[in-house]
1. Among the residues of the stretch 22-38, are any over 29 Å from ASP163 (Cβ atoms) and out of contact with any helix residue (DSSP H, G or I) (no Cβ under 6 Å at 6 or more places or on another chain)?
2. Contact list please: Cβ distance under 7 Å, first residue in the stretch 63-79 and free of Cβ contacts under 8 Å to residues at least 40 places away in the same chain, second residue among the β-branched types (Val, Ile, Thr) and buried (at least 17 other Cβ atoms within 10 Å of the Cβ), pairs at least six apart or on different chains.
3. Kindly indicate whether any position in the stretch 146-163 is touching a residue at least 60 places away in the same chain (Cβ under 8 Å), part of a helix (DSSP H, G or I) and basic (Lys, Arg).
4. Within the group PRO24, PRO19, which residue is free of Cβ contacts under 8 Å to residues at least 24 places away in the same chain and over 15 Å from ILE90 (Cα atoms)?
5. Might you let me know whether the stretch 38-52 holds any residue that is at pLDDT 95 or above, of a type outside the set (Ser, Thr, Tyr) and closer than 18 Å to SER124 by Cα?
6. Can you spot a residue in the stretch 26-36 that is of a type in the set (Val, Ile, Thr), touching a Ser or Thr at 6+ places or on another chain (Cβ under 6 Å) and in the same structural domain as LEU112 (by TED's automatic domain parsing)?
Amino acid sequence: MKRADKAVRIMEILNELHPETPIPLDHKSPFQLLVAVLMSAQTTDKKVNQVTPELFRRGPDAHSMAMLDAEEIKVIIREIGLAPTKARNIKGLSLMLVDKYDGVVPASFDGLEALPGVGHKTASVVMAQAFGVPAFPVDTHIHRLATRWGLTNGKNVEQTEKDLKKLFPRDSWNQLHLQIIFFGREQCPARGHKLLDCPICGWAATKKKILEEARR
């Protein structure tokens with residue numbers, strides 16, 4: 001099956017299985033979303049949501065967060081991975097937002113990616129979920145599924161993002177990336193997955209992926 005045909009069918013299945021796509025990270029503003037997404041690297045959304053209530057109580061916006069010491073932030077978020085580095089970045093980006101943007105999160109990729117600790121994936125999530133700008137944030141999970149389904153031959157998330165943007169309509173990107181994440185968590189795990197029983201992998205998985213899974 002051609003990639004374009006696969007994409008159409010995958011969208012139909014995901015729209016049926018996941019018509020609603022709530023943002024998994026709790027937040028009340030673009031700033032809080034930015035901080036939550038930054039913290040979500042190499043940890044779970046559930047764990048981030050456990051530590052952000054106290055963090056956002058003390059630093060609900062860039063101005064108040066900039067007043068906190070990096071050490072204080074680290075103590076609050078100590079349960080998540082890479083807490084020391086993330087704490088320094090949260091402090092640094094808060095100071096930069098106050099200094100350059102009067103505490104307002106910029107609604108541009110260039111502005112976001114210039115902030116400490118903010119890469120393209122984090123910027124894409126904020127642009128999509130806070131500002132409604134079409135983006136297709138690709139993390140390791142989406143990269144894994146897109147490869148498993150034969151939608152990309154990309155060796156990295158950058159190439160996978162380009163391939164997915166070519167396959168799917170621009171106005172579907174913001175919802176679709178969340179649908180793929182939800183589907184992966186609920187029905188398409190990295191290991192111990194019976195591809196042929198999966199509503200998407202059962203027909204979309206490449207022969208190579210089926211053989212790799214069989215050998216595990």
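The values are calculated or read from the model by the stated rules, or taken from the named source; none is laboratory data. Note that the structure is predicted; figures quoted are calculated from it, not measured. We place every Cβ from the backbone using ideal geometry, glycine too, and count neighbours over all the protein chains shown.
1. Yes; the residues of the stretch 22-38 include at least one that is over 29 Å from ASP163 (Cβ atoms) and out of contact with any helix residue (DSSP H, G or I) (no Cβ under 6 Å at 6 or more places or on another chain).
2. MET65/ILE90; ALA66/VAL98; ILE73/ILE90; ILE76/VAL51; ILE77/VAL51; GLU79/VAL51
3. yes
4. It is PRO19.
5. yes
6. No, because not a single residue in the stretch 26-36 is of a type in the set (Val, Ile, Thr), touching a Ser or Thr at 6+ places or on another chain (Cβ under 6 Å) and in the same structural domain as LEU112 (by TED's automatic domain parsing).
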